[in-house]
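Presented below is the structure to which this report refers.
The values are calculated or read from the model by the stated rules, or taken from the named source; none is laboratory data. These numbers come from a predicted model, not from an experiment. Because the Cβ atoms are built from the backbone with ideal geometry, glycine has one as well, and the counts that use them run over all protein chains shown.
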Amino acid sequence: MSAEVLTGTPLSGRVAVISGASSGMGAATAERLAALGATVVVLARRKDKLEEVVTTIENAGGTALALPVDVTDRDAVQAAADQVTERFGHADLVFNNAGVQLISGIEELKVDEWQRQIDLNITGLMNVIAAFLPHLTASAAQGKPADLINTSSIAATRILEKFSIYSGTKAYISHLTRLLRVELGPKMVRVATIEPGMVDTELPDHVTDPDASRLMAGLIHDIDVLQSADIAETIAYMTSVPRHVNLTEITILPTAQAI
């Protein structure tokens, strides 16, 4: 998918909030949405990385704000949402993208890693929804497009050894998104999930299990895996279609990925 598929400023006037925006898919999406005219607010823990994203956007003529925040901290996320309101009004596009991948066999009992994934992939995601859902419903009530896009993974449906906890958190996200659409679709809030396959980002760097590391390294070496820009272009398209169109579940795989 080419980064030149969309042109012009179809997102002009929109306010986009992106979590997990300090690198990878989040950073690339922030830059792409800003290039299409959106005002972008980037959330993540790493202040220096967020500021680099903002500088890139501003140097290209866009508008962006960095709000360093740990999405597992509910009060901090709500405070960030309040800052967005003060600066820009209601956000009408939320890319709920923060997450971590830690792979291990269940009998290894790496309970701290289990909890870290649950805290970030599930609780963090829910904190963002809680803080920004009022923004989305208010925007939709005013007749504006309103998008909530959650990042899941093909691991939500693939049965992969040692991926139990990570896959479980992603299955939660995918099914939650379907359920949210039942409630929010009638209110004209578009709710969607993306389920990427292998993307060349920092995420595999967190994996310490030798078998899983070899699997991911092999994919990156052997096939033309996805790049963050591919995900960014997908998000750009999903949010640029007419308001009555909701692309609800998008699975994005490298063409050559078989697992």
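Among what's in the stretch 220-249 and is over 18 Å from Ala34 (Cα atoms) and of a type in the set (Asp, Glu), pick the residue that is modelled with the highest pLDDT. Checking each candidate, the answer is Glu249. Of all the residues in the stretch 75-103, those that are acidic (Asp, Glu) and either closer than 23 Å to Val199 by Cα or in a strand (DSSP E or B) (or both) number 0. Contact map, the stretch 117-144: residues that are over 15 Å from Tyr166 (Cβ atoms) paired with residues that are part of a helix (DSSP H, G or I) and not hydrophobic (A, V, I, L, M, F, W, C), Cβ distance under 6 Å, separation 6+ or inter-chain. Pairs shown: Asn127/Arg74; Ala131/Gln78; Thr137/Lys187; Ala140/Lys187. Hey, does the stretch 5-23 have a residue that's over 25 Å from Ala141 (Cα atoms), of a type in the set (Gly, Ala, Ser), crowded, with 24+ Cβ neighbours inside 10 Å and in contact (Cβ under 8 Å) with a residue 40 or more places away in the chain? Yes: the stretch 5-23 contains one or more residues that are over 25 Å from Ala141 (Cα atoms), of a type in the set (Gly, Ala, Ser), crowded, with 24+ Cβ neighbours inside 10 Å and in contact (Cβ under 8 Å) with a residue 40 or more places away in the chain. Across the stretch 95-136, what is the number of residues that are closer than 25 Å to Ala236 by Cα, more than 14 Å from the chain's Cα centre (by Cα) and surrounded by fewer than 21 Cβ atoms within 10 Å (Cβ to Cβ)? Final tally of qualifying residues: 3.
Remark: Gly13 falls outside the filter, which requires a residue to be outside any strand (DSSP E or B), on the phi > 0 side of the Ramachandran plot, of a type outside the set (Val, Ile, Thr) and at pLDDT below 95.
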